[in-house]
1. When only residues in region 1-24 that are charged (D, E, K, R), under 20 Å from TYR85 (Cβ atoms) and exposed (fewer than 13 other Cβ atoms within 10 Å of the Cβ) count, which is farthest from the ligand (Cβ to nearest atom)?
2. Could you list, ordered by first residue, the pairs with Cβ atoms under 7 Å in which the first is in region 61-87 and at positive phi and the second is at pLDDT 95 or above and not hydrophobic (A, V, I, L, M, F, W, C), at least 6 apart or interchain?
3. Would you check which residues across region 51-61 are touching a strand residue (DSSP E or B) at 6+ places or on another chain (Cβ under 7 Å) and more than 8 Å from the ligand (Cβ to nearest atom) and list them?
4. Do we find that LEU86 is within 13 Å of the ligand (Cβ to nearest atom) and either surrounded by 15 or more Cβ atoms within 10 Å (Cβ to Cβ) or assigned to a strand (DSSP E or B) (or both) in this structure?
5. Mind listing whichever residues of region 67-83 are surrounded by fewer than 18 Cβ atoms within 10 Å (Cβ to Cβ) and assigned to a loop (DSSP other than H, G, I, E, B)?
Amino acid sequence: MWTRILAGEVKGFGNIDDQTREFAIAIFKKYRNKGIGTALMKSMIQHLKERGYKRASLAVQKENYAVRMYQKVGFEIVKESDEEYLMVYNMS
Ligand SMILES: CC(C)(COP(=O)(O)OP(=O)(O)OC[C@H]1O[C@@H](n2cnc3c(N)ncnc32)[C@H](O)[C@@H]1OP(=O)(O)O)[C@@H](O)C(=O)NCCC(=O)NCCS
């Protein structure tokens, strides 16, 4: 998992502005569905909160079951295209 600000000329798919870190996450297959992804997301959100970030963002394919995980963690859909959702987590 990483979070980055990809706000240069070529923006990240989940970029909303140049103050907001964008999430990407993938768990090695045999360790999936054990709660690790959820725990990592929560831990990273806490880490960003402590560093003063106000929001976090991500982009996800609509059919990916990860959408539900992101919603459970607290991300909200703010925009959608044919295939993807743009989601934002508000730290406050
Ligand atoms: C998405 C991903 C990061 C989630 O990590 P994880 O450790 O498997 O997630 P968790 O174990 O915390 O599970 C989160 C939820 O997803 C569900 N889930 C996990 N694997 C699933 C599967 N294959 N199909 C459907 N739901 C699944 C879990 O049941 C859980 O839901 P619940 O809280 O309602 O029980 C991981 O599965 C992954 O690496 N997927 C491939 C890469 C990817 O799609 N990354 C996201 C790109 S935006």
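1. Within region 1-24, the subset charged (D, E, K, R) is 4, 9, 11, 17-18, 21-22.
Next, from what is left, pick out any that are under 20 Å from TYR85 (Cβ atoms): 4, 11, 17, 21-22.
In the following step, the residues that additionally are exposed (fewer than 13 other Cβ atoms within 10 Å of the Cβ) were identified as 4, 17.
On the way: ARG4: 14, ASP17: 19 Å.
Checking each candidate, the answer is ASP17.
2. GLY74/TYR89
3. Initially, region 51-61 is screened for residues touching a strand residue (DSSP E or B) at 6+ places or on another chain (Cβ under 7 Å), giving 53, 55-61.
Selection gives TYR53, ARG55, ALA56, SER57.
4. Working: within 13 Å of the ligand (Cβ to nearest atom): yes; either surrounded by 15 or more Cβ atoms within 10 Å (Cβ to Cβ) or assigned to a strand (DSSP E or B) (or both): yes.
So LEU86 passes the test.
5. Residues satisfying the conditions are GLY74, SER81, ASP82, GLU83.
Listed here are the residues, each with its yes/no results for (1) within 13 Å of the ligand (Cβ to nearest atom); (2) under 21 Å from LEU6 (Cβ atoms); (3) assigned to a loop (DSSP other than H, G, I, E, B).
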{"position": "ALA26", "(1), (2), (3)": "yes, yes, yes"}
{"position": "THR38", "(1), (2), (3)": "yes, no, no"}
{"position": "SER43", "(1), (2), (3)": "yes, no, no"}
{"position": "GLN46", "(1), (2), (3)": "no, no, no"}
{"position": "LYS49", "(1), (2), (3)": "no, yes, no"}
{"position": "GLU63", "(1), (2), (3)": "yes, no, yes"}
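The values are calculated or read from the model by the stated rules, or taken from the named source; none is laboratory data. What you see is a predicted model; the values in this text were computed from it and never measured. Cβ: placed from backbone, ideal geometry, glycine included. Neighbour counts: every protein chain shown.
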